[in-house]
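The values are calculated or read from the model by the stated rules, or taken from the named source; none is laboratory data. Computed from a predicted model, the values in this text were never measured in an experiment. Cβ coordinates were reconstructed from backbone atoms using ideal geometry, including for glycine residues, and neighbour counts include every protein chain displayed.
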Amino acid sequence: MTEHEAPSADGLVIGILGGTGDQGRGLAFRFARAGHPVIIGSRAPERARMVAGLLGHHVQGMANWDAAREASVVIAAVPYEGHQDLLASLAPQLAGKIVVDCVNPLGFDDRGAYPLSVPEGSAAEQAAALLPDSRVVAAFHHVSAILLLDPEVESVDLDVLVLGDDRAATDMVQALAARIPGVRGVYAGRLRNCGQIEALTANLVSINRRYKAHAGLRITDI
């Protein structure tokens, strides 16, 4: 592969931890639609199997432990409050794999969404600390689950910001993002810069509430 040639994401088996939530289901639907085998993971495997059955023939449902073991690339789409304990428990199964963290640590009150403080700096950095033998990449923070899940939306108009410390891993996640029609993966720095990416989600929530939209991001001039 030359320096400017993107890697191929063909054939990747994608596991989604917390895949029964809206974001996980939306990503599962899009990747299955692109022809990838997808494994939805959940604390409740029977719920994972039920959701998988609704999404189509490329999707299986399993316990999180089994999804982490069987997939070649794993996406963490769990609520932030369960993020630390789940990843710590799956470290052996995730060793050597690309783990894509799309968790946004947010709180909500009567004034709207706001970012939560994470001791490690961001959810992605927390994941990297918990999974020293995995290749942690941050991506898919700003993708509307409503658009992902809508079968009438053929093309999702946004860029996915991809951050990480392993060049080959970020290149692969950029290629994976591009499997969703209309989406482009854009390298946006190392994991130490992920805090503001996760926090920006609070601003997008505010935009979407004010304008009744499903706003995403586009990066100009590249």
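General remarks:
- Every residue from the range 107-153 that is surrounded by fewer than 20 Cβ atoms within 10 Å (Cβ to Cβ) and touching a Ser or Thr at 6+ places or on another chain (Cβ under 6 Å): Gly112
- Scan the range 189-222 for residues that are hydroxyl-bearing (Ser, Thr, Tyr), over 17 Å from the mean Cα position of the chain (by Cα) and assigned to a helix (DSSP H, G or I) and the total you get is 2.
- Among the residues of the range 92-148, those identified as farther than 18 Å from Asp22 by Cα and of a type in the set (Ser, Thr, Tyr) are Tyr114, Ser117, Ser122, Ser134.
- Subset of the range 97-112 (residues that are under 18 Å from the mean Cα position of the chain (by Cα) and either of a type outside the set (D, E, K, R) or modelled with pLDDT under 95 (or both)): Ile98, Val99, Val100, Cys102, Val103, Asn104, Pro105, Leu106
- Number of the condition not met by Gly56 [criteria: (1) on the phi < 0 side of the Ramachandran plot; (2) touching a helix residue (DSSP H, G or I) at 6+ places or on another chain (Cβ under 8 Å); (3) of a type in the set (Gly, Ala, Ser)]: (1)
- The range 81-106 - residue that is touching a residue at least 40 places away in the same chain (Cβ under 8 Å) and part of a helix (DSSP H, G or I) and, of those, surrounded by the fewest Cβ atoms within 10 Å (Cβ to Cβ): Ala88
- Candidates Arg43, Arg30, Arg47 - the one that is under 20 Å from His141 (Cα atoms), touching a strand residue (DSSP E or B) at 6+ places or on another chain (Cβ under 9 Å) and among the basic types (Lys, Arg): Arg30
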